[in-house]
1. Please arrange Cys319, Cys362 by accessible surface area, largest first, computed with a 1.4 Å probe and ligands excluded.
2. Note down the Stokes-Einstein diffusion coefficient of the range 213-303 in µm²/s, whole number, using a Kirkwood radius over alpha carbon pairs, 20 °C, and 1.002 mPa s.
3. Ratio to report: Rg/Rh of the range 151-241, with Cα atoms as the point set and Rh obtained by the Kirkwood method; give two decimals.
4. Per the helix-only calculation at 222 nm, which mean residue ellipticity applies to the chain, given -39500 (n - 2.57) for every DSSP H run of n ≥ 4 and division by its residues, nearest 500 deg cm²/dmol?
5. Please calculate the 1.4 Å probe accessible area of Ser82, with all protein chains present, and give it to the nearest 10 Å².
6. So if a site counts as exposed when it's one of the GluC sites (Glu not before Pro), its DSSP state isn't H, G, I, E or B, and it has at most 10 other Cβ atoms within 10 Å, what's the longest stretch of the chain without one?
7. Compute the relative contact order of the chain as a whole-number percentage, counting only Cα pairs closer than 8 Å that sit 6 or more residues apart in sequence.
8. Out of all Cα-Cα pairs in the range 241-360, roughly what percent, to the nearest whole number, are more than 23 Å apart?
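The values are calculated or read from the model by the stated rules, or taken from the named source; none is laboratory data. These numbers were taken from a predicted model, which means no experiment stands behind them. Here the Cβ is made from the backbone with ideal geometry for all residues, glycine too, and neighbour counts use every protein chain on show. Ligands, DNA and RNA are excluded from the accessible area calculation, which covers all protein heavy atoms including side chains. Shrake-Rupley method; radii C 1.70, N 1.55, O 1.52, S 1.80 Å.
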Amino acid sequence: MNDRTPPRDVRMHGFAQRAEVGAVWRWIDAHARPLAEEAVELADAAGRVLAAPVIAPIDVPAFDRSAMDGYALVGTDTSGASEYNPLAFAVVGQAMPGHPYHGAVGAGSAVRIMTGAAIPAGTDAVVPAEYAQEHDGRVEIVQAVAPGKNVGLRGEDIRTGSEVLSPGRVLRPQDLGLLASLGLAHATVHRRPRVRLIVTGNEIVSPGEPKGAHQIYDANSPMLRALVARDGGVVESHRRLRDDAEALRAALLAPGADVVLVSGGSSVGSEDFAPRLIAELGELAIHGVAMRPSSPAGAGRVGEALVFLLPGNPVSCLCAYDFFAGRAIRLRGGRPAAWPHRTRTGVLARKIASAIGRVDYCRVRTSGDEVEPLAISGASILSSTTRADGFVVVPGESEGYAPGTTVTVYLYD
């Protein structure tokens, strides 16, 4: 029996209160647990997040090897060699990568050797080919080399039993090369979050289709797809819905998603069904946030999926995703919670006005060390984000920033 208090219907009533951004972050951090581990082939592991430490099963290199094409010999035997005093050695054999020289090399002898080949027994140095001339089974060298010169020692790169990569690392191409050098064919990574996109609105039309005079093209879907990919998620399904409560109910209840993003229908309008449905079907933990834009944003759960309410206005949608949904997707995929944006500092050319208790997301342009707030602040002016180089966040405890203040800019690129 369900004895929960029925959720308050905020449609056409407004928000009784708004949550602080920090409170939303704490809720996300408590509920966005990393997903299970899985083993993937190295060919598919680039950009995935390592879920377990990688312990080296072998030494790299696995044997002493030559770092040069040249001649392997005893380093102390080359003492005094120069252009004016070439020293001669008998060439007793050859060592190639994968085909070592199997005999032992005595004093006064040398082995022709190629880069990567095993250092023959009895030798401890390599004279580069440019300092040697071979004739009739003998080689004259004109440069002395100390013991160990031009030799890569066993395990000098990686030692057996050492931790070479740590959990939480986003695997780069060179990381895959390192794993392969250890003989590992798979990487243990976090499963990528499966993200469902639900875009609602009777007025929404897919790009490329004809639209009526009072309809608008769906700008949020391609933007959200790109953001989900940036944060390591995969789009599980993409559903464009009219303002229909039952269709939305079915989309929220369908299995298969780890995170659900609902774009539109998140505020207090008569056809904003999403908040009440989430509360009925699961938990609406937050609805209404003390920030500008994106104040109608919300978060909750339906079954095992985390659900985020993203306003339909494009800038608000982008802002709410970056502040909240993106954080959850990154955490579920084993990534850090922090924004992936590069940052730089600059000096404000004009003031940014805010209000105590509200976080502001202000789009800015940069020129040298100067930061210029964009005059347009409307939540539906998506072009403001393409004309901007990034954004500045005004925290809730501030009334804004005066001209000349040094601020941190989060860059869109």
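1. Numbers: Cys319 0, Cys362 20 Å².
Of Cys319, Cys362, the descending order of accessible area is Cys362, Cys319.
2. Numbers: Rh = 14.3 Å.
In µm²/s, the coefficient rounds to 150.
3. Details: Rg = 22.5 Å, Rh = 17.4 Å.
Value, to two decimals: 1.29.
4. Working: 8 runs with 67 residues, N = 413.
After summing the helix terms and dividing by residue count, I get -4500 deg cm²/dmol.
5. 40
6. Values: sites that count: Glu83, Glu304, Glu397.
With GluC sites (Glu not before Pro) excluded where exposed in loops, the chain gives 84-303 as its longest stretch.
7. On the way: 962 pairs, mean separation 69.7, N = 413.
The value is 17 percent.
8. Values: 2470 of 7140 pairs.
Counting pairs separated by more than 23 Å, the tail of P(r) holds 35 percent.
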